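Participant: Just passing along the structure, written as structure tokens.
The values are calculated or read from the model by the stated rules, or taken from the named source; none is laboratory data. Please read these numbers as outputs of a predicted model, since none were measured by experiment. No Cβ is skipped: glycine too gets one built from the backbone with ideal geometry, and neighbour counts run over all protein chains shown. Remember, those area values only see protein heavy atoms, side chains included, never the ligands or the DNA or RNA. Shrake-Rupley method; radii C 1.70, N 1.55, O 1.52, S 1.80 Å.
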Amino acid sequence: MRPESVNVPSFVDWLQRCRSDAAELVQRALRAAGLQHQAGLREAWLMKLERALSRPADASPPARNGLPSGLMLMSEAEVNESVIVKRLVQDMQTAADWLLLDIQTRGEPLWRTELAEGQWPHVALLHPGLLADTLCQALRASVSVPQRRLDVLSQLATPLTRLLNPLYERQLEWLELQGVSRVVSVPTQDTADLQRAPANPAQPAVGISATQVPALLARMAEQAGLDSGMKQLMVDLALALQRSVEAHPEMLADEQGVTWRLVERLVALGQLYPLHKPGKLPLEQRMAPLIERLQRSKLPPKDSAYQRVLDHVEQMHLAALKAAADAQRQPEAQLDVEVRRDELEPLVLFQMMDRLKGLTPAPEVRQFLLGPWVQVLARVGAAEGVDSPATQRWTALVDALIDSGTPVVGQAFTPAVLEAWLAEVREGLQAGAHTPEQISSIEATLRDVLHIEPGPEPLPEEALASEASPVLSEPPSAATAEPSPATPPTPEAAAAQPESPAVAPHAEPAPAGSDDILSSRWAHHSELETVPQVWQDDPPDSPGRLACAAWMNGLAAGQMCRIFMQGRWTSARLDWVSDRQRFYSFSRPGNTPFTASRRVLERMRTEGLITTIAPGQWLRAAAKSLPLALD
């Protein structure tokens, strides 16, 4: 029974409830997947969730290492990760679709203002997209081996999906007890239409009235995630545009008309324009005088007035595109090295795993060898060759660590030897393009794990005894040692005992041209028991490959795209295409630009991870969701 008189909960109460549910969900999901002991994952996931629940607009994933210029090259491993995460989000949304809709219809009328101010994408703050996004960030922070991240994601997928329905049901019960009733009206369109990157449908008429223009532009700004300054600019533009369409209704009929093209270009540019950089005014300040002139016009502005503003916006767009292309243009030889590194890294990882068989390194040491040091070996091997002196030098560093204290790897290092070894590690990480912060963190972790406290000094009596009887302190030689008085083993027992293994001499370096990293102690690629799975292409004449090739050939600099990466859909602009169409560079709001090879981009297209935004798509998505905005 619902209480007769209750106070409707505030948004702060709802936020606190979601924080409590998040902690419980993480604990249950990790336990159900058998990952409660995965080092650092629980703490990292909770921290990412807390940050996302506190500042959703600022909870973008951090950039990772890329080229020396700062450009990031998309790898096959990241595409595999995005494929798993995208399927996970779809499964969670399908399993909890009606419960999410129920929460939305209850909470949005109450907290619409707070949701808009905080740029919350959904009333259900712990929605599937947020959970997957924060999980990806936590995995990147706590698990350095790409293959292990894929394994963890696969292990968590089923338990996380199964736990969502009980979570949302408990939240609905809480809302019911707090007096939040179900609303009869149901939204006609999900507000995250473009977040799901739909296929480009046929272009219908806009189908709105002049009085709906301000709400339409506000909805477009909200869906695009524009900041407060750009949202205010869209409000000012809407006032002028409303006057125009009231006087000239035909301006509403053509969604490819100059007015709507101006609105869409502002939405796109507002996401990617370099805001608050030295020497550049924010976009809204640059556009404010032009929009103000439209508002002050004595007569309702016509298409010609909007065309002049659009021309100015297009000039800004071309200038920003040229600057981005100049900054991101890379020599193809350098990009080829990065592609080779991407191909080599899984093989080096499996070689390292084979090298560590039968050993018991500390978890921190194992994580270092299978993560950052594999990246060093792959990058140096791709740039200088797998048989180069530099690659052999950094591989010998692993052998020194292993040989120093088998089976407890590295525990026999003296302080002096440890410092010398860490200096070599530091230089290798620099060669592997790791940041100074990452190098310092890795070095501190290894020093803590491998540091040995000096042993106690011998007592004076023991020292005197050893000086008084030096003969006893020397071990007897094999020739003079007396036979043991123990009973000799029977012939049957002696035959059953294994032979003592012969000590293998130190292996010589592999001959030039082999695929070994250093020596026969490192398994050849063809000798590995398990090798990384290679994505198999469809036949070149298959319908999917032909459609993908047609889409790829139609890409041109300046096009806007929606890309699913690092657990979320994000807008991106294609800035540069190499001369032979082998590499494509993209800008994305508030994050590092990235480059993808043609092969990786084809894989992303085939898996539904990237699509272009057709002209009018922002407008149609906002128009479809407009009835919910006007409730």
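Participant: For region 348-397, give me each residue that is open to solvent by 40 Å² or more (accessible area, probe 1.4 Å), of a type in the set (A, V, I, L, M, F, W, C) and farther than 21 Å from TRP421 by Cβ.
Facilitator: Scanning region 348-397 gives MET353, ALA383.
Participant: Next question. In region 10-40, which residue that is part of a helix (DSSP H, G or I) and more than 18 Å from LEU163 (Cα to Cα) is least open to solvent (accessible area, probe 1.4 Å)?
Facilitator: If we filter region 10-40 for residues that are part of a helix (DSSP H, G or I), which is where we start, we get 11-32.
When the remaining residues are screened for being more than 18 Å from LEU163 (Cα to Cα), the result is 11-16.
Numbers: PHE11: 23, VAL12: 105, ASP13: 74, TRP14: 1, LEU15: 25, GLN16: 105 Å².
Selected residue: TRP14.
Participant: Of the conditions (1) more than 17 Å from THR94 (Cα to Cα); (2) surrounded by 23 or more Cβ atoms within 10 Å (Cβ to Cβ); (3) modelled with pLDDT of 90 or more, GLN155 fails just one. Which one is it?
Facilitator: So GLN155 meets the others, but not (2).
Participant: Let me ask you something else. What's the number of the condition LEU131 fails, among (1) over 30 Å from ALA218 (Cα atoms); (2) open to solvent by less than 30 Å² (accessible area, probe 1.4 Å); (3) at pLDDT 90 or above?
Facilitator: (1)
Participant: A follow-up question, please. Which one of the conditions (1) more than 30 Å from SER228 (Cα to Cα); (2) outside any helix (DSSP H, G or I); (3) open to solvent by less than 80 Å² (accessible area, probe 1.4 Å) does PRO301 fail to meet, given that it meets all the rest?
Facilitator: Here PRO301 meets the rest and fails (1).
Participant: Would you say SER297 is in contact with a helix residue (DSSP H, G or I) (Cβ under 8 Å, 6 or more places away or on another chain) and modelled with pLDDT of 85 or more?
Facilitator: Details: in contact with a helix residue (DSSP H, G or I) (Cβ under 8 Å, 6 or more places away or on another chain): yes; modelled with pLDDT of 85 or more: yes.
It is true that SER297 is in contact with a helix residue (DSSP H, G or I) (Cβ under 8 Å, 6 or more places away or on another chain) and modelled with pLDDT of 85 or more.
Participant: Only strands (runs of 3 or more DSSP E) wholly contained in region 510-629 count here; list those with 3 or more residues that are at pLDDT below 85, open to solvent by 20 Å² or more (accessible area, probe 1.4 Å) and on the phi < 0 side of the Ramachandran plot. Can you show your working first?
Facilitator: On the way: elements: 560-565, 568-577, 583-587, 594-597, 610-612.
Qualifying strands (runs of 3 or more DSSP E): 568-577.
Participant: Do we have any residue at all in region 232-244 that's modelled with pLDDT under 75 and surrounded by fewer than 21 Cβ atoms within 10 Å (Cβ to Cβ)?
Facilitator: Of region 232-244, the ones modelled with pLDDT under 75 are none.
Within region 232-244, none of the residues are modelled with pLDDT under 75 and surrounded by fewer than 21 Cβ atoms within 10 Å (Cβ to Cβ).
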